[in-house]
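Peer 1: Quick one: structure below, then a few questions.
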Amino acid sequence: MTEPTGVEITVEQTENDREILTSQALELLADLHRSFESRRQELLRAREERYERLTKGEMLRFLDETKQVREGEWQVADPALGLVDRRVEITGPTDQKMTINALNSGAKVWLADFEDANTPLWRNVIDGQLNLRNALDRTIDFTSAEGKSYALKPAAELATIVARPRGWHLPEKHILVDGQPMSGSLVDFGLYLFHCGQRQLDAGKGPYFYLPKMESHLEARLWNDVFVRAQDHLGLPQGTIRATCLIETYPAAFEMEEILYELRDHSAGLNAGRWDYIFSVIKKFRTRGRDFMLPDRADVTMTVPFMRAYTELLVSTCHRRGAHAIGGMAAFIPSRKDAEVNATAFEKVRDDKRREATDGFDGSWVAHPDLVPICREEFDKVLGEKPHQIDRKREDVHVTAEQLLSVAETPGKVTEAGLRNNISVGIQYLASWLRGQGAVGIFNLMEDAATAEISRSQVWQWLHNDVELDSGEKVTTELVDRLVEEEIAKLPGDPKEYADARATFLDVAVADDFAEFLTLPAYARMP
């Protein structure tokens, strides 16, 4: 294969690489990079500038300059084929086994993840694309080490694939264009669109995406411009691509309508990305003291005031504009050994999905196939034969900026158990991430990068704001160091196996400089 002028692949290529990284595919990637990399960098700098203003006392607010958008009369595009009924969605990485299990799960949609449930190990980046292509061609199968075989069900029974590329902040260091690393977002998006866009259209659906980690409507505008250029490049009709945006950063909660508006011809709705949202609250206001101090992660539920305001606003915003509102993740994973644990957890999941369906959401996420029936049952009770409840406008909802900012009203305590849990989850997750596994079962929860971010950012916030545990003991570097060693000693295997994870965790949880995302220093340690 001859690489286009200015494009360099920095790893030795395998046969799988050559199947995905064709000259034509790389031409699309190079065109997207040259067209949009400078704007991506400008928007990343704008994030830093906004944070600097927040440290100096500015507060998040609804934007005066986009008031006409919020007050205007407009609607997003009608739901696309395969995205009309989204009452239950399953998430997971794009390895062979998960690809088959997710498509077969009975969910309406599968979020095929190149982001938080994945790691950007080169093999994951490329083989995930190959697995999605092969799934659409029905040439995928898998046999486990125990000899169990996995194969796809009939096409009519499969979930709709919605691919999630990496966020704007993440690079792809193995693909250089004119000497610059590409955006991981554009690599994941471009390769999927190139290989699977027409295949999806031929199957009666389309190339659909989940867009993560956006912090402003200008970042949504960039995605929309990417879509327009990519569709032109490949000769696809404008509006073929559809995207659901995750509202999972604190600033984005104040620009929901504007984000929908920027993508209106390509919009498929908004999702309440609850775990990253909590992380973003901590990150954006980590130096602002008690008014933005959160208790133990387990106490920050979806019913605390600032989280309740966020989800109510999301549903009412989406339905006002004719868009789907998709609920958040049920992270529990069933235990094959403890029926009592399962019963308690299943009831919590059922309560969560019942609340979402009753509040007006059109569907929700689960992390495990065993939870699909629970989610579906709760939405069936509300939706019946209707595919969604977009007609329920929630005109009773009037959320203020003050309600979105009411973090100080969150009940709960900071405890040693909570601190230990954050340390253990963070280290266990990073150990798996560095080995190439991005979705990890820890303490009966499916942890991904978002929940690990909460764990390390809470440790940083408590440490750097001189927080006392409910026992009266102050959170100090010495205490964190001691608990790190104690928690590692409890883990299976040789403690030396956790050396890189330990070092990375301390880099992002203790160091004076707060790493914007833990995946950035972790990616630097990855080959």
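The values are calculated or read from the model by the stated rules, or taken from the named source; none is laboratory data. Please read all numbers here as calculations on a predicted model, not as lab measurements. Glycine also receives a Cβ, built like all others from the backbone with ideal geometry; neighbour counts cover every protein chain displayed. The area values use the complete protein model at the heavy-atom level, side chains included, leaving out ligands, DNA and RNA. Shrake-Rupley method; radii C 1.70, N 1.55, O 1.52, S 1.80 Å.
Peer 1: Out of Arg274, Arg264, I need the residue that is within 12 Å of the chain's Cα centre (by Cα) and either at pLDDT below 95 or surrounded by fewer than 24 Cβ atoms within 10 Å (Cβ to Cβ) (or both). Which one?
Peer 2: Working: Arg264 fails: within 12 Å of the chain's Cα centre (by Cα).
On inspection, the qualifying residue turns out to be Arg274.
Peer 1: Go through region 32-74 and give me each residue that's of a type in the set (A, V, I, L, M) and open to solvent by 40 Å² or more (accessible area, probe 1.4 Å).
Peer 2: First pass over region 32-74, keeping only residues of a type in the set (A, V, I, L, M): 32, 43-44, 46, 54, 59-60, 63, 69.
Within region 32-74, Ala46, Met59 meet the criteria.
Peer 1: Related question: Residues that are more than 23 Å from Leu260 (Cα to Cα) and open to solvent by less than 40 Å² (accessible area, probe 1.4 Å): which strands (runs of 3 or more DSSP E) entirely in region 159-237 hold 1 or more of them? Lay out the reasoning, then the answer.
Peer 2: On the way: elements: 160-164, 171-177, 180-183, 208-211.
Correct list: 171-177, 180-183.
Peer 1: What pairs come up if the first residue lies in region 493-508 and is of a type in the set (Val, Ile, Thr), the second is in a helix (DSSP H, G or I), and their beta carbons are under 8 Å apart, counting only those six or more places apart or on different chains?
Peer 2: Note: pairs meeting the criteria are Thr504/Leu430; Thr504/Leu434; Thr504/Pro521; Thr504/Ala522; Val508/Arg456; Val508/Trp460; Val508/Pro521.
Peer 1: Here's a follow-up. For Thr311, are the conditions met, namely being within 30 Å of His464 (Cα to Cα), at pLDDT 95 or above and of a type in the set (S, T, N, Q)? Explain how you work it out, then say what you get.
Peer 2: Values: within 30 Å of His464 (Cα to Cα): yes; at pLDDT 95 or above: yes; of a type in the set (S, T, N, Q): yes.
Yes: the conditions hold for Thr311.
Peer 1: For region 133-147, give me the residue count where each residue is in contact with a Phe, Trp or Tyr (Cβ under 9 Å, 6 or more places away or on another chain) and either among the hydroxyl-bearing types (Ser, Thr, Tyr) or loosely packed, with under 10 Cβ neighbours inside 10 Å (or both).
Peer 2: Going through region 133-147 one residue at a time, the tally reaches 2.
Peer 1: Which one of these is open to solvent by 40 Å² or more (accessible area, probe 1.4 Å), modelled with pLDDT of 95 or more and of a type in the set (A, V, I, L, M): Ala499, Ala509, Ala524? So that I can check it myself, show each step before the final result.
Peer 2: On the way: Ala509 fails: open to solvent by 40 Å² or more (accessible area, probe 1.4 Å); Ala524 fails: modelled with pLDDT of 95 or more.
Only one candidate qualifies: Ala499.
Peer 1: Just checking, which of Arg482, Arg456 is basic (Lys, Arg), open to solvent by less than 60 Å² (accessible area, probe 1.4 Å) and either in a helix (DSSP H, G or I) or farther than 13 Å from Leu430 by Cα (or both)? It would help to see each step written out before you state the result.
Peer 2: Values: Arg482 fails: open to solvent by less than 60 Å² (accessible area, probe 1.4 Å).
One residue alone meets the criteria, Arg456.
Peer 1: Report whether or not Glu416 is surrounded by fewer than 17 Cβ atoms within 10 Å (Cβ to Cβ) and under 18 Å from Gln461 (Cβ atoms). Even if it seems obvious, please write down each step before you answer.
Peer 2: Details: surrounded by fewer than 17 Cβ atoms within 10 Å (Cβ to Cβ): yes; under 18 Å from Gln461 (Cβ atoms): yes.
For Glu416, the condition - surrounded by fewer than 17 Cβ atoms within 10 Å (Cβ to Cβ) and under 18 Å from Gln461 (Cβ atoms) - is met.
Peer 1: Now for a separate question. For region 313-348, give me each residue that is within 25 Å of the chain's Cα centre (by Cα) and assigned to a loop (DSSP other than H, G, I, E, B).
Peer 2: Going through region 313-348, the residues within 25 Å of the chain's Cα centre (by Cα) turn out to be 313-335, 345-348.
Residues satisfying the conditions are Arg321, Gly322, Ala323, His324, Ala331, Ile333, Pro334, Ser335.
Peer 1: Taking Leu463 as the residue in question, decide whether it is under 30 Å from Trp365 (Cβ atoms) and open to solvent by 10 Å² or more (accessible area, probe 1.4 Å).
Peer 2: On the way: under 30 Å from Trp365 (Cβ atoms): no; open to solvent by 10 Å² or more (accessible area, probe 1.4 Å): yes.
Against the criterion (under 30 Å from Trp365 (Cβ atoms) and open to solvent by 10 Å² or more (accessible area, probe 1.4 Å)), Leu463 does not qualify.
Peer 1: If I filter region 247-261 down to residues being among the aromatic types (Phe, Trp, Tyr) and part of a helix (DSSP H, G or I), which single residue comes out as least open to solvent (accessible area, probe 1.4 Å)?
Peer 2: Keep residues of region 247-261 that are among the aromatic types (Phe, Trp, Tyr), which gives 250, 254, 261.
Keeping just the survivors that are part of a helix (DSSP H, G or I) gives 250, 261.
Values: Tyr250: 0, Tyr261: 69 Å².
Going through the qualifying residues, I end up with Tyr250.
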